[in-house]
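Following: one structure in structure tokens, then a few remarks.
The values are calculated or read from the model by the stated rules, or taken from the named source; none is laboratory data. Note that the structure is a prediction, hence the values are computed from the model and not measured. Cβ sites come from the backbone with ideal geometry, for glycine too, and all protein chains shown count toward neighbours.
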Amino acid sequence: MKTEILKLLRETDGYVSGQQISERFGVSRTAVWKVIRQLQEEGYQVEAVRNRGYHIVDSPDVMTKEELDSLMKTKWAGRNILYYDVTDSTNLRIRQAGDEGAPHGTLAVADRQTAGRGRRGRAWESPAGSSIYMSVLLRPEISPFKASMLTLVMACSVAEGIEKSLRDQKTGGAGGTLPPIQIKWPNDIVLNGKKLAGILTEMSAQVDYINHVTVGVGINVNITEFPEEISRTATSLHLECGCTIRRSPIIASIMERLEENYETFLQTEDLTGLMDRYSAMLVNRGRDVQVIGGKETYQAHALGITPIGELVVRRADGREEKINAGEVSVRGVYGYV
């Protein structure tokens, strides 16, 4: 009931009387009052005025299942939420949920992770109360070799979702506007030339059939400082905007973008319908990059992506090559990007 009352307060201009709420949800006025008290204790600024009712003035950076449920406007993405104050890894929780038959679009969110992981098994720092740690379960009816493109689908969705949510929260940088959210091929989200978020995609599959895909996302939101070893390459929304950012609306916004982008992807089972938008956000495009492969490392000029998500680069001798994310890493010649 708390989710429904919270959603009603958000969607109503002005005040909602306790009688209206009790009649709508078939509960007593005392039960309504107890929910309002719970919301106030969680940090929501809810005004209670005699003979007028209740009105939500402001929402803090609350991360609860009820908060997330009240913000979701999707059909399937994020409609089944598994929320954890603390867990080992949201990717592990979603993988288990997938094995146990959880529905397509199930979303795991944690306020803190004890075993967060990034690409190539690297640890992902996951302190409480400061960032977004989430993973979504997908059950695509596509060939397993196409699953890697879902990383790019999610990257596009994360970048677009963050930008939309920041606009909705009326948040800008020091000059009132925020630099564009960009993508460092294939799976990093970049802001001001530094890493803002990472994406990790894992698959459970047979030879020719996908059981399920887990796409994990970690976003630096309200972190105010980083360890010295990564301070030159990492950033957060708080550092760039100069204020606290609400995390739950960002998650809801990303789920909206994922739902639309995923369905666009399924129409052709490649990135044809997303290439223009992805390429427009691609920080590598038009830059010199360092391609780090198993057999050689070389410099090249990044041109864009193919419909299946490969990065197209031009070598110094003019030859063009297609780079697969599973084979190499790409870095900027003079820095992180």
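Return the residues of region 136-150 that are of a type in the set (A, V, I, L, M) and touching a strand residue (DSSP E or B) at 6+ places or on another chain (Cβ under 8 Å); say none if nothing qualifies.
Passing the criteria: VAL136, LEU137, LEU138, ILE142, ALA147, LEU150.
Looking only at region 103-127, count how many residues are crowded, with 19+ Cβ neighbours inside 10 Å and either at pLDDT 95 or above or in a strand (DSSP E or B) (or both).
Qualifying residue count, region 103-127: 9.
Among the residues of region 44-63, is there at least one that is surrounded by fewer than 16 Cβ atoms within 10 Å (Cβ to Cβ) and part of a helix (DSSP H, G or I)?
Going residue by residue through region 44-63, those that are surrounded by fewer than 16 Cβ atoms within 10 Å (Cβ to Cβ) are 45, 47-52, 57-58, 60.
Imposing the further condition that a residue be part of a helix (DSSP H, G or I) reduces the set to none.
No, every residue in region 44-63 fails to be surrounded by fewer than 16 Cβ atoms within 10 Å (Cβ to Cβ) and part of a helix (DSSP H, G or I).
Among the residues of region 179-227, what is the count of those that are within 26 Å of CYS241 (Cα to Cα) and either over 12 Å from the mean Cα position of the chain (by Cα) or not in a strand (DSSP E or B) (or both)? Break it down stepwise before answering.
Initially, region 179-227 is screened for residues within 26 Å of CYS241 (Cα to Cα), giving 179-200, 216-227.
Next, from what is left, pick out any that are either over 12 Å from the mean Cα position of the chain (by Cα) or not in a strand (DSSP E or B) (or both): 179-187, 190-195, 221-227.
Number of matching residues: 22.
Let me confirm something: among GLU202, GLU259, GLU229, GLU269, which residue is more than 28 Å from ALA147 (Cα to Cα) and either at pLDDT 95 or above or not basic (Lys, Arg) (or both)? Quick ask: steps written out before the conclusion?
Values: GLU202 fails: more than 28 Å from ALA147 (Cα to Cα); GLU259 fails: more than 28 Å from ALA147 (Cα to Cα); GLU269 fails: more than 28 Å from ALA147 (Cα to Cα).
Among GLU202, GLU259, GLU229, GLU269, only GLU229 is more than 28 Å from ALA147 (Cα to Cα) and either at pLDDT 95 or above or not basic (Lys, Arg) (or both).
Can you find even one residue in region 254-274 that is part of a strand (DSSP E or B) and either more than 23 Å from SER135 (Cβ to Cβ) or assigned by TED's automatic domain parsing to the domain that holds SER135 (or both)?
No, every residue in region 254-274 fails to be part of a strand (DSSP E or B) and either more than 23 Å from SER135 (Cβ to Cβ) or assigned by TED's automatic domain parsing to the domain that holds SER135 (or both).
If you check every pair at least six apart or on different chains, which have Cβ atoms under 7 Å apart with a residue in region 77-100 that is farther than 14 Å from SER204 by Cβ and touching a residue at least 60 places away in the same chain (Cβ under 8 Å) first and a residue that is not hydrophobic (A, V, I, L, M, F, W, C) and not in a loop (DSSP other than H, G, I, E, B) second?
Listed by first residue and then by second, the contacts come to ALA77/GLU259; SER89/GLN113; SER89/ARG117; THR90/GLN113; THR90/TYR133; THR90/SER135; THR90/GLY216.
Residues checked against (1) closer than 22 Å to SER157 by Cβ; (2) touching a Cys at 6+ places or on another chain (Cβ under 8 Å); (3) touching a residue at least 24 places away in the same chain (Cβ under 8 Å):
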residue	(1), (2), (3)
PRO249	yes, no, yes
GLN267	yes, no, no
LEU271	yes, no, yes
ARG285	yes, no, no
ARG314	no, no, no
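Those residues that are assigned to a loop (DSSP other than H, G, I, E, B) and either under 15 Å from ILE94 (Cβ atoms) or out of contact with any Asp or Glu (no Cβ under 6 Å at 6 or more places or on another chain) (or both), I need them from region 128-147; list them, please.
Taking region 128-147 as the starting set, the residues that turn out to be assigned to a loop (DSSP other than H, G, I, E, B) are 128-130, 139-143, 147.
Once the filter is applied, which keeps residues that are assigned to a loop (DSSP other than H, G, I, E, B) and either under 15 Å from ILE94 (Cβ atoms) or out of contact with any Asp or Glu (no Cβ under 6 Å at 6 or more places or on another chain) (or both), region 128-147 yields GLY129, SER130, ARG139, PRO140, GLU141, SER143, ALA147.
Could you please give the count of residues in region 129-163 that are at pLDDT below 95, closer than 22 Å to LYS65 by Cβ and hydrophobic (A, V, I, L, M, F, W, C)?
Total meeting the criteria: 0.
In region 328-337, how many are in a strand (DSSP E or B) and in contact (Cβ under 8 Å) with a residue 60 or more places away in the chain?
First pass over region 328-337, keeping only residues in a strand (DSSP E or B): 329-332.
Next cut, in contact (Cβ under 8 Å) with a residue 60 or more places away in the chain only: 330.
The number of residues fulfilling the criteria is 1.
Among the residues of region 211-230, write down those that are of a type in the set (Val, Ile, Thr) and surrounded by 20 or more Cβ atoms within 10 Å (Cβ to Cβ). So that I can check it myself, show each step before the final result.
Of region 211-230, the ones of a type in the set (Val, Ile, Thr) are 213-215, 217, 219, 221, 223-224, 230.
Once the filter is applied, which keeps residues that are of a type in the set (Val, Ile, Thr) and surrounded by 20 or more Cβ atoms within 10 Å (Cβ to Cβ), region 211-230 yields VAL213, THR214, VAL215, VAL217, ILE219, VAL221.
Out of GLU225, GLU202, I need the residue that is more than 25 Å from GLY129 (Cα to Cα), among the charged types (D, E, K, R) and in contact with a Ser or Thr (Cβ under 8 Å, 6 or more places away or on another chain). Which one?
On the way: GLU225 fails: more than 25 Å from GLY129 (Cα to Cα).
Answer to the check: GLU202.
Looking at this structure, is TRP33 more than 15 Å from VAL215 (Cβ to Cβ), at pLDDT 90 or above and of a type in the set (Phe, Trp, Tyr)?
On the way: more than 15 Å from VAL215 (Cβ to Cβ): yes; at pLDDT 90 or above: yes; of a type in the set (Phe, Trp, Tyr): yes.
Yes: the conditions hold for TRP33.
State which residue is nearest to VAL86 (Cα to Cα) when the search covers only region 51-74 and only residues that are of a type outside the set (Asp, Glu) and at pLDDT below 90. Give the steps one after another, and end with the answer.
Initially, region 51-74 is screened for residues of a type outside the set (Asp, Glu), giving 51-57, 59-60, 62-65, 68, 70-74.
Narrowing further to those that are at pLDDT below 90: 51, 57, 59-60, 62.
Details: ASN51: 41, VAL57: 29, SER59: 22, PRO60: 20, VAL62: 15 Å.
Per the stated criteria, the residue is VAL62.
Out of curiosity, is ALA97 surrounded by 19 or more Cβ atoms within 10 Å (Cβ to Cβ) and within 20 Å of the chain's Cα centre (by Cα)? Before you say what the answer is, go through the steps one by one.
Numbers: surrounded by 19 or more Cβ atoms within 10 Å (Cβ to Cβ): yes; within 20 Å of the chain's Cα centre (by Cα): yes.
So ALA97 passes the test.
Return the residues of region 16-28 that are closer than 13 Å to MET1 by Cα and surrounded by 13 or more Cβ atoms within 10 Å (Cβ to Cβ); say none if nothing qualifies. Give the derivation first.
Looking only at region 16-28, we keep the residues that are closer than 13 Å to MET1 by Cα, and these are 21-28.
Residues satisfying the conditions are ILE21, SER22, ARG24, PHE25, VAL27.
Of the conditions (1) more than 30 Å from THR268 (Cβ to Cβ); (2) surrounded by fewer than 17 Cβ atoms within 10 Å (Cβ to Cβ); (3) of a type in the set (S, T, N, Q), SER131 fails just one. Which one is it?
Failing condition for SER131: (2).
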